[in-house]
């Protein structure tokens, strides 16, 4: 049986940040963090983890540390041990992020209701 692995698609929309503009605001970083999360794909479902609804939220503190809360489609997911590290690395790649941590949570349990309309359309569910 082939081992399943999450994968990352390069973000072709990433824009370089001009350092002369000074430190970035947290608000300016949020769309870039979402874009970074959208580069990570679930190994079993060909949809990125953000649109799949696996990201329950994230917070950026005053030191630009990003704390991500995410879930898995099932608690026994075969990539449960490696997935958080992959997501952390994607977020750490955002300009201005000092560090990141991913916390896996299972309450509330994930359902297809968390998926974006785009994800449902892509999977032929609507």
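Taking 15 Å as the cut-off, the amide N atoms of region 54-87 that come nearer than this to a point 7 Å along the Cα-to-beta-carbon line of residue 98 belong to 59-67.
Legend: P(r) of region 41-112 from all alpha carbon pair distances, 10 Å bins from 0, whole percents, reading 20, 54, 23, 3.
Here region 41-112 carries DSSP beta bridges of which approximately 50% are antiparallel, counting only pairs with both residues inside.
Fewest-first ordering of 58, 83, 106 by other beta carbons within 10 Å of each residue's beta carbon gives 106, 58, 83.
Subtracting the Cα-Cα distance from 0.36 nm times the residue separation, let me have the gained length for residue 125 to residue 106 in nm, one decimal.
Working: separation 19, 0.36 × 19 = 6.84 nm, distance 2.36 nm.
Going from the current span to full extension adds 4.5 nm.
Taking packing as the residue-averaged number of other Cβ atoms within 10 angstrom, the listed peptides 45-55, 71-81 run from highest to lowest as 45-55, 71-81. Extension gain for residue 56-residue 89 works out to 10.1 nm (0.36 nm per residue, less the C-alpha to C-alpha distance).
Only the coordinates and a few stated rules stand behind these numbers; no lab work does. Because the structure is a prediction, the values reported are computed rather than measured. Cβ coordinates were reconstructed from backbone atoms using ideal geometry, including for glycine residues, and neighbour counts include every protein chain displayed.
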